[in-house]
Amino acid sequence: MEKESHLKVLRILETNPQISQRELSEALGVSLGKTNYCLKALLDKGLIKIQNFRNSNNKLAYSYLLTPHGIEQKANMTIRYLQKKTQEYDLLRLEIAELKREIEETNS
């Protein structure tokens, strides 16, 4: 589950690097604390870097940038996630087909 959270964060940051932690937390549907924890883990792994910038509307803001290693890991995580979801989908299709057969046999 942690890898899925990390993948979601990387995907969001790639498209919106100046998102606030609060906005990211809302987008993920998790607490601000969990979001902060996840960002710290990605930073510690070298997948993102955090850049401070000053702005007239906001005294201090951050930009979350994927590192080259982060881009590579995001691609690998996406492939693994897609493989996992495809396998789950195939198993679900088999289960649905079996349930339909059971209903047909019951109704016959």
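Read-outs: derived from the displayed coordinates by stated rules, not from any lab. Since the structure is predicted, the reported quantities are computational estimates derived from the model, not experimental observations. Glycine also receives a Cβ, built like all others from the backbone with ideal geometry; neighbour counts cover every protein chain displayed.
From Leu82, Leu39, Leu94, which residue is surrounded by 15 or more Cβ atoms within 10 Å (Cβ to Cβ) and in a helix (DSSP H, G or I)? Exactly one residue qualifies, and that residue is Leu39. One residue is enough: does segment 45-59 have a residue meeting the conditions assigned to a helix (DSSP H, G or I), under 25 Å from Lys3 (Cβ atoms) and free of Cβ contacts under 8 Å to residues at least 40 places away in the same chain? Among the residues of segment 45-59, not one is assigned to a helix (DSSP H, G or I), under 25 Å from Lys3 (Cβ atoms) and free of Cβ contacts under 8 Å to residues at least 40 places away in the same chain, which makes the answer no. Are any residues in segment 1-29 part of a loop (DSSP other than H, G, I, E, B), under 12 Å from the mean Cα position of the chain (by Cα) and either surrounded by 15 or more Cβ atoms within 10 Å (Cβ to Cβ) or not hydrophobic (A, V, I, L, M, F, W, C) (or both), and if so, which ones? Matches in segment 1-29: Gly29 only.
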